[in-house]
Amino acid sequence: MRIGLSGFSLIEHYRFGEAIAQAAAALKRRVVIIASGDLSHKLKEEGPYGFVPEGPQFDQKIMEVLSRADFTSLLEFDPVFCEKAAECGLRSFVVMSGAFDGLEVKAAKLSYEGPFGVGYGVVCFEPGEKSSARHCGEKYLCLERERCAQAAEKNDEYVRLARSSLEYYLKTKHPLPVPSGVSAELCERRAGVFVSLKKGGELRGCIGTIVPVTGSIAEEIIRNAISAGTQDPRFDPVREDELPYLIYDVDVLTPSERADKDSLNPKRYGVIVTSGAKRGLLLPNLDGVDTVEQQLQIALRKAGIGRGEPYFIERFEVVRHL
């Protein structure tokens, strides 16, 4: 049976591997799993995709992890690092690892090469006895809950309010009233606000307002935190069981100003592109967005502005709260 991959998270692919093993057991079938996929595509300047330092770093790390059958570490690969390395096999390997959940595994590295600028590795895995220490998916989720809880302890009041807003809404289906005791900055000042949610290092929702639409920053945060978790069209609504695994960012925007390409800096300024009724925004200092050209292309794509269509540019700064 041939199975494809998806854009779901690594842990979802691990769960899929568990389901494959359960189906095989229910059908009383012995199975062999071939987890196929290239490693990095960016190992050499003369290769078809060029070179980045993350390419050989990824290949070294993935081969070390697979050679140890360290399937928990497979789930902890950073998405930005993986994208820069241009890998394509990680999710396939994670599905396979899920099929071995709860079992001792003997791993044998057979080969590794990257002669054409693309990495190729071969590792053989043999399942052994059941082991309570080898429930790698649950181990990863436990570590992730601990990391998120530690991060939440360091949040300032902007991010604490965003977190409370989404949690309150999912549990009560009503917006959180502005809590008593929040600072005058939150209650008296108005500004556009973006709230971003991440899960496992990947974006889980992001909604915001370029200019304020409520009476205060506090109300703006409450409104946009709920929207980021429930109304971002790119994602399914956040479920209540996901709340312990979410990391929140809150960006408070300065008023925008007209700009041109020469006055942009993707680390310092966010960008707004407008063509008629089409408008797209990209926040500053995002992982993987290193050049003005990258920033503009993503913003234009978000706006639906096609190649050759005229547009104008605005820039803005943010105060990012973590």
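A compact table of results
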item	result
Cβ-Cβ under 6 Å pairs, at least 6 apart or on other chains, segment 89-109 side within 15 Å of residue 21 (Cβ to Cβ) and in the same structural domain as residue 35 (by TED's automatic domain parsing), far side of a type in the set (A, V, I, L, M) and in a helix (DSSP H, G or I)	94/10; 94/74; 97/74; 99/20; 99/21
Residue in segment 119-138 that is of a type in the set (Phe, Trp, Tyr), touching a Cys at 6+ places or on another chain (Cβ under 9 Å) and not assigned by TED's automatic domain parsing to the domain that holds residue 289 present	no
Residue match in segment 82-105 (condition: among the aromatic types (Phe, Trp, Tyr), buried (at least 18 other Cβ atoms within 10 Å of the Cβ) and closer than 30 Å to residue 129 by Cα)	yes
Tally, over segment 88-131, of residues that are small (Gly, Ala, Ser), out of contact with any Ser or Thr (no Cβ under 7 Å at 6 or more places or on another chain) and part of a helix (DSSP H, G or I)	3
Candidates 227, 196 - the one that is in a strand (DSSP E or B), under 30 Å from residue 80 (Cα atoms) and among the hydroxyl-bearing types (Ser, Thr, Tyr)	196
Selection count, segment 275-294, where residues are out of contact with any helix residue (DSSP H, G or I) (no Cβ under 9 Å at 6 or more places or on another chain), surrounded by fewer than 17 Cβ atoms within 10 Å (Cβ to Cβ) and over 11 Å from residue 312 (Cα atoms)	5
Residue among 48, 56 that is in contact (Cβ under 8 Å) with a residue 12 or more places away in the chain and in a loop (DSSP other than H, G, I, E, B)	48
Where a residue in segment 127-142 is touching a residue at least 40 places away in the same chain (Cβ under 8 Å) and its partner, wherever it lies, is part of a helix (DSSP H, G or I) and among the β-branched types (Val, Ile, Thr), with Cβ under 6 Å and at least six apart	136/72; 139/72; 140/72
Test set (1) acidic (Asp, Glu); (2) in a loop (DSSP other than H, G, I, E, B); (3) touching a Lys or Arg at 6+ places or on another chain (Cβ under 7 Å) - residue 76 fails condition number	(3)
Sole exception among (1) loosely packed, with under 13 Cβ neighbours inside 10 Å; (2) farther than 27 Å from residue 113 by Cα; (3) at pLDDT 95 or above for residue 30, by number	(3)
Segment 230-274, subset assigned to a helix (DSSP H, G or I), of a type outside the set (S, T, N, Q) and in the same structural domain as residue 167 (by TED's automatic domain parsing), residue surrounded by the most Cβ atoms within 10 Å (Cβ to Cβ)	245
Pick from segment 275-295, criterion aliphatic (A, V, I, L, M) and not in a strand (DSSP E or B), ranking: nearest to the chain's Cα centre (by Cα)	286
Boolean, residue 299 is exposed (fewer than 12 other Cβ atoms within 10 Å of the Cβ) and outside the structural domain of residue 54 (by TED's automatic domain parsing)	no
Residue among 193, 159 that alone is crowded, with 18+ Cβ neighbours inside 10 Å, closer than 29 Å to residue 11 by Cα and of a type outside the set (Gly, Ala, Ser)	159
Condition broken by residue 3, with the remaining ones in (1) touching a residue at least 60 places away in the same chain (Cβ under 8 Å); (2) crowded, with 16+ Cβ neighbours inside 10 Å; (3) of a type outside the set (D, E, K, R) satisfied	(2)
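The values are calculated or read from the model by the stated rules, or taken from the named source; none is laboratory data. Computed from a prediction, not measured in an experiment: that's the story for all the values here. FYI the Cβ positions are ideal-geometry reconstructions off the backbone, even for glycines, and counts take in every protein chain you see.
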